[in-house]
Each structure stands twice: as structure tokens, then as C-alpha cells.
Amino acid sequence: MLDKSDFIPADVPPLSYRQISKAPGIGRKGMVIILAWLAEFGLALSGQPEWHASRPVSCKRLQQAIHMLERHGYRILPPAA
């Protein structure tokens, strides 16, 4: 999707909610985690359903999502200052 294995949070919002939700291995729970991760940096996806915005996600779940992405070959970088 991003055509690279290293990305920062700002690289994700140009993709739409629909594009990411159609990616292999990304289900409803994965989307909740991705949206919460983006929200930590003040970012959101276009076309995001309202029901996702009100669901809190714990730090533990965010860490699990990061570990899952790393297991699949992605390297998660902190946002650029």
C-alpha cells in the first residue's frame, strides 16, 4: 500500500479509510488500532466512519499493533519533529 517498509504516521493519511480497510490482514480491530495510533499524532483518514472515532484503544493494544506491523516487515518511526 505504501510501497515502502518504513513509514511515519504522516505517511498514512493520504490513504483513505476504504483503501486501508481493504488491505490484507486489516480487519475491524486493526482499523480501530490504526485510527487510534493516527489520532495520537492529530491525524485521521478520509472517509472514516463516525463509530470509529468514539472507541478508545489502550496503549497495550497500540503496542500490539506496532509489533504486528514489525513482524510483517514494517519499521515504525517516530513522527518528524
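If you go through the stretch 22-42 and keep only what is on the phi < 0 side of the Ramachandran plot and over 10 Å from the mean Cα position of the chain (by Cα), you end up with K22, A23, P24, G27, R28, K29, E40, F41. What do you reckon, is A81 in contact with a helix residue (DSSP H, G or I) (Cβ under 8 Å, 6 or more places away or on another chain), exposed (fewer than 13 other Cβ atoms within 10 Å of the Cβ) and at pLDDT below 85? Here the answer is no, as A81 does not meet what is asked. Within the stretch 59-81, the set of residues being of a type in the set (V, I, T) and closer than 18 Å to D3 by Cβ comprises just one member, I76. Scanning the stretch 49-77 for residues that are of a type in the set (A, V, I, L, M) and either modelled with pLDDT of 85 or more or not in a loop (DSSP other than H, G, I, E, B) (or both) returns A53, L62, A65, I66, M68, L69, I76. Look through the stretch 1-48, keep the residues that are of a type in the set (G, A, S) and assigned to a loop (DSSP other than H, G, I, E, B), and return whichever of them is nearest to I76 (Cα to Cα). Per the criteria, the residue is S5.
The values are calculated or read from the model by the stated rules, or taken from the named source; none is laboratory data. Computed from a prediction, not measured in an experiment: that's the story for all the values here. Methodologically, a virtual Cβ is constructed for each residue, glycine included, from the backbone with ideal geometry; neighbour enumeration extends over all protein chains shown.
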